[in-house]
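Trainee: Here you go, one structure.
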Amino acid sequence: MNAAAIAATGGQPLAVDSFAEWREAARELLKAGVPPEAASWGTLEGGDLFSGAPAGPGPDDNRGTRLQEAQSPAPPAARVPRSLLEMLQKAACFRAPDRWAFLYRVLWRWTHGEHDVQSPADPDGSRLHGMVKAVRREEHDMHAYIRFRERPLGAGDPRFVAWFEPRHDVLPQVAEHFVARMGKTSWMIATPEASVLWDGHTLHNTGPLMSSAAELDDAGEALWLTYYRSIFNPARVNAQLMQSHIPSRFWKNLPEGAIVPAMVSQAELGARKIGQVEAVGRRSGATIPISAETAQPDREQPSKIDECRRCELWQYATQGVGGEGPKHAPIMVVGEQPGDQEDLAGKPFVGPAGKLLDQVFAQAEVDRKSIYLTNAVKHFKWEPRGKRRLHKTPVQREIEACHYWLEKELAAVKPKVIVAMGATALKSVMRKGTVALKDFLGKPVRVDGCWLVTIYHPSYVLRVPDEASKQEAFSVMVKGLKLAHELLERPDVPEEPA
């Protein structure tokens with residue numbers, strides 16, 4: 001017996017467990033002419049009313065979108081505009097006992113000519129818009145307030161775990177957001193109703209695997225809380241402002257949420273006054289000149305780029321991007337830093353600059369597969385511009401911090417010729433922040449037993465406004481790569497002064 005027959009005869013409620021199942025049942029009801037008040041909705045036996053990822057609308061023409069593609073020959077399906085179907089799909093994530101019945105009422109009214117049901121001025125339309133807004137807000141909050149905790153290295157996958165208690169069924173679409181942002185790093189997001197796991201290649205959906213955030217164990221959390229206490233200023237605390245910025249329901253699952261109430265209470269009981277007195281009474285001491293490198297404490301150096309904390313760039317990048325190429329390539333090409341596409345893919349020179357570099361290789365008759373490609377800085381440095389991430393040039397301290405990784409690559413590959421593309425690469429290879437690109441273009445020099453050839457970075461060629469300058473810069477790159485191959489045949493000579 002189909003769904004329409006069950007509803008029309010007053011039988012058991014229509015059992016649906018997802019938006020896709022509701023869409024199929026609604027289609028049958030519309031075909032049978034069953035009004036909303038005659039249909040009864042429920043869940044599958046043993047199922048969860050709130051489980052299941054919403055299915056996205058399929059492609060269609062400008063006249064509308066089919067409610068459900070027929071699996072076999074059937075009467076024409078009801079048609080609704082894409083905008084309404086997308087609202088119904090989004091509203092299906094809203095947790096309400098009558099959500100399926102409400103969505104069917106909206107659909108019934110539209111298909112029977114009451115197109116004002118999509119307007120916020122209509123009672124049903126107002127509720128529909130409110131449901132969509134609440135679901136979108138929950139997606140935003142989940143993006144903002146999820147806190148991943150790192151598991152011990154020996155614990156295996158997932159590398160990071162997070163706990164969240166969403167008000168609506170937004171986990172599937174939020175999971176896709178973190179798939180795009182966290183690269184190949186494995187992670188899991190657990191909620192009271194379901195869990196998602198990312199193994200670096202595939203997203204797995206499963207039932208609940210945790211009962212609360214108390215099951216998370218993060219060895220670095222104690223260090224974070226110590227740091228948080230140290231930067232907490234009781235003289236400037238504003239509890240109302242803190243609560244308005246982060247709703248109270250999110251605080252309990254934030255690591256610092258366990259200590260904030262006590263610190264706020266201490267501030268109100270007198271720590272605020274003490275903090276002000278200490279700030280006013282502080283005296284500046286004598287300045288002792290010391291280099292930054294000498295002042296650094298002895299620490300165990302990272303063995304993987306994704307574990308690197310030598311500068312702050314790792315906090316804003318998706319992942320570290322190492323070099324790529326033969327283990328003992330005779331030529332190493334060094335760029336500046338990964339771009340937006342490299343940051344997401346985890347590989348060097350796969351974006352627009354990489355495509356132009358391929359053209360340079362072809363013009364110079366050089367096989368890219370014979371070259372070791374890397375960057376002076378391994379994490380993407382960027383600044384927001386609308387919805388885009390725009391490249392921002394690394395400063396010298398960031399170049400110096402990342403030279404640790406370039407040294408390891410040079411020691412492992414042992415190239416005979418290094419090709420520095422752009423000023424940042426030149427400064428990194430020569431360990432000098434004052435060198436100028438124009439002084440080294442087309443002039444090979446010896447550095448640490450290797451030939452060094454300097455050319456423009458491909459992104460410079462892309463930015464040049466006029467065609468003549470663009471061709472000239474492109475030609476400099478081609479000549480530089482040809483020169484690098486010629487230098488492979490030259491005998492070793494004493495190093496020339498840089």
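The values are calculated or read from the model by the stated rules, or taken from the named source; none is laboratory data. Keep in mind it's a predicted model, so treat the numbers as computed, not measured. All Cβ positions, even for glycine, are placed from backbone atoms using ideal geometry, and neighbour counts span all protein chains on display. To get the accessible areas, we keep the full protein, side chains included, count just its heavy atoms, and leave off ligands, DNA and RNA. Shrake-Rupley method; radii C 1.70, N 1.55, O 1.52, S 1.80 Å.
Trainee: Near the amide H of His457, under 5 Å away, which other amide H atoms are found, from residues 5 or more places off or on another chain, if H is placed in the peptide plane?
Mentor: Hits under the 5 Å cutoff: Gly422.
Trainee: Something else now. Around Ala15, which amide H atoms from residues at least 5 apart in sequence, or from another chain, sit under 5 Å from its own amide H, with H modelled in the peptide plane?
Mentor: Result for Ala15 returns Gly42.
Trainee: If you don't mind, another one. So for the pair Thr434, Arg368, with labels modelled 7 Å out along Cα→Cβ, what separation do we get in nm?
Mentor: Placing both labels 7 Å along Cα→Cβ, they lie 3.9 nm apart.
Trainee: Please list, or write none, the lysines whose alpha carbon is within less than 21 Å of the alpha carbon of Lys355, excluding same-chain residues fewer than 8 places away.
Mentor: Lys347, Lys369, Lys378, Lys381, Lys392, Lys470, Lys479, Lys482
Trainee: Please find the FRET efficiency linking Lys479 to Lys355, where r is the Cβ-Cβ separation and R0 is fixed at 22 Å, and quote it to the nearest 0.05.
Mentor: E between Lys479 and Lys355, to the nearest 0.05, is 0.65.
Trainee: Return the lysines within reach of Lys133: Cα separation strictly under 20 angstrom, same-chain partners fewer than 8 residues apart disregarded; answer none if there are no such residues.
Mentor: Output for Lys133: Lys90.
Trainee: What FRET efficiency comes out for Asp199 versus His140 if R0 is 22 angstrom and r is the Cβ-Cβ distance? Round to the nearest 0.05.
Mentor: Approximately 0.25, to the nearest 0.05.
Trainee: Calculate, in nm to one decimal, what Asp340 and Ser83 gain on full extension: separation in residues at 0.36 nm each, minus their alpha carbon distance.
Mentor: Gain in length upon complete extension: 89.4 nm.
Trainee: Over the stretch 360-432, with every protein chain in place, what whole percent of the accessible area is carbon and sulfur at 1.4 Å, could you tell me?
Mentor: Exposed carbon and sulfur together represent 52 percent of the surface.
Trainee: Given axes a ≥ b ≥ c from the Cα gyration tensor, I'd like to know whether the stretch 345-498 is rounded (a/c under 1.5), prolate (a/b larger than b/c) or oblate.
Mentor: Oblate shape, in that a/c is at least 1.5 and b/c is the bigger or equal ratio.
Trainee: Mind running the shape call on the stretch 353-415? Use the C-alpha gyration tensor, a ≥ b ≥ c as the square roots of the eigenvalues: rounded below 1.5 for a/c, prolate if a/b tops b/c, oblate otherwise.
Mentor: Oblate, because a/c is 1.5 or more while a/b does not exceed b/c.
Trainee: Near the amide H of Arg95, under 5 Å away, which other amide H atoms are found, from residues 5 or more places off or on another chain, if H is placed in the peptide plane?
Mentor: Asp169
Trainee: So what J values fall out for the stretch 110-118 if you push phi through Karplus, 6.51 cos²θ - 1.76 cosθ + 1.60 with θ = phi - 60°, rounded to Hz, Gly and Pro as x?
Mentor: Couplings: 4, 5, 9, x, 8, 6, 6, 5, 8 Hz.
Trainee: Can you pull the one-decimal nm distance between simple spin-label points at Lys387 and Lys347, each 7 Å off the Cα toward Cβ?
Mentor: 2.6
Trainee: Evaluate the relative contact order of the stretch 314-363 (contact order divided by residue number), counting alpha-carbon pairs under 8 angstrom at least 6 apart; express in whole percent.
Mentor: It rounds to 36 percent for the stretch 314-363.
Trainee: Which residues in the stretch 81-106 place their backbone N less than 14 Å from a point set 7 Å from the Cα of Arg127 along the Cα-to-Cβ direction?
Mentor: Under cut-off, by backbone N: 91-92, 94-106.
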